[in-house]
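First comes the structure, then the notes that go with it.
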Amino acid sequence: MNKKSVYASIMTGLNEAIEDSVSEKPILKRHKVVVEPIKTYAADDVKRIRNTTGMSQKIFASYLGVSCKTVEAWEAGTNKPSGIASRFLMMMEMDKDLVIKFPFVSNAVTK
């Protein structure tokens with residue numbers, strides 16, 4: 001694209017936006033994005049989710065990228081998962097096969 005066509009494209013977009021803003025009925029398409037709020041997890045919830053994966057606290061902690069002490073504190077009710085940990089727990093609840101689809105932890109058989 002040359003400078004004139006870029007300028008013309010920008011001006012066209014701006015004029016459409018101005019026209020849309022002053023019209024009684026919207027002219028341009030609008031998209032509404034809704035992000036589900038992060039759920040708060042109680043100790044029993046975390047333990048239930050971990051048990052459905054069949055992982056020990058240590059392996060579950062490794063899978064989530066947190067320390068074993070963190071998982072212990074969540075399951076004891078001392079602390080609660082927040083932020084990305086809660087979002088990941090939500091994903092694990094929604095898709096029971098998530099840990100199979102994304103095997104960040106594997107079983108290594110040793111002799």
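The values are calculated or read from the model by the stated rules, or taken from the named source; none is laboratory data. The structure presented is a predicted model; accordingly, all values stated were derived computationally and were not measured. FYI the Cβ positions are ideal-geometry reconstructions off the backbone, even for glycines, and counts take in every protein chain you see.
For segment 29-41, does any single residue satisfy the condition of being touching a Gly at 6+ places or on another chain (Cβ under 9 Å) and either closer than 30 Å to residue 85 by Cα or not in a helix (DSSP H, G or I) (or both)? Checking segment 29-41: at least one residue is touching a Gly at 6+ places or on another chain (Cβ under 9 Å) and either closer than 30 Å to residue 85 by Cα or not in a helix (DSSP H, G or I) (or both). Out of curiosity, is residue 50 at pLDDT 95 or above and either out of contact with any His (no Cβ under 7 Å at 6 or more places or on another chain) or not β-branched (Val, Ile, Thr) (or both)? Judged against the criteria, residue 50 is a match. For the residues 27, 59, the requirement of being hydrophobic (A, V, I, L, M, F, W, C) and touching a residue at least 40 places away in the same chain (Cβ under 8 Å) singles out 59.
Among residues of segment 83-108 that are on the phi < 0 side of the Ramachandran plot and assigned by TED's automatic domain parsing to the domain that holds residue 47, those with a Cβ under 6 angstrom from a residue that is among the β-branched types (Val, Ile, Thr) and in a loop (DSSP other than H, G, I, E, B), sequence gap 6+ or separate chain, pair up as 86/38; 87/38. Evaluate the following for residue 105: is it under 30 Å from residue 12 (Cβ atoms), β-branched (Val, Ile, Thr) and modelled with pLDDT under 95? No, not satisfied.
Might you let me know whether segment 74-97 holds any residue that is among the hydroxyl-bearing types (Ser, Thr, Tyr) and in contact with a helix residue (DSSP H, G or I) (Cβ under 9 Å, 6 or more places away or on another chain)? Yes, the conditions are met somewhere in segment 74-97.
The set of residues in segment 1-28 that are of a type in the set (S, T, N, Q) and either assigned to a loop (DSSP other than H, G, I, E, B) or surrounded by 10 or more Cβ atoms within 10 Å (Cβ to Cβ) (or both) comprises 2, 9, 12, 15, 21, 23.
The residues in segment 63-86 that are surrounded by 14 or more Cβ atoms within 10 Å (Cβ to Cβ), small (Gly, Ala, Ser) and either part of a loop (DSSP other than H, G, I, E, B) or under 18 Å from the mean Cα position of the chain (by Cα) (or both) can be counted, and the count is 2. Taking segment 42-60 as the range and being touching a helix residue (DSSP H, G or I) at 6+ places or on another chain (Cβ under 8 Å) and assigned to a loop (DSSP other than H, G, I, E, B) as the test, only 55 passes. For segment 90-105, filtering for residues that are in a loop (DSSP other than H, G, I, E, B) and either under 13 Å from the mean Cα position of the chain (by Cα) or surrounded by 11 or more Cβ atoms within 10 Å (Cβ to Cβ) (or both) leaves 4.
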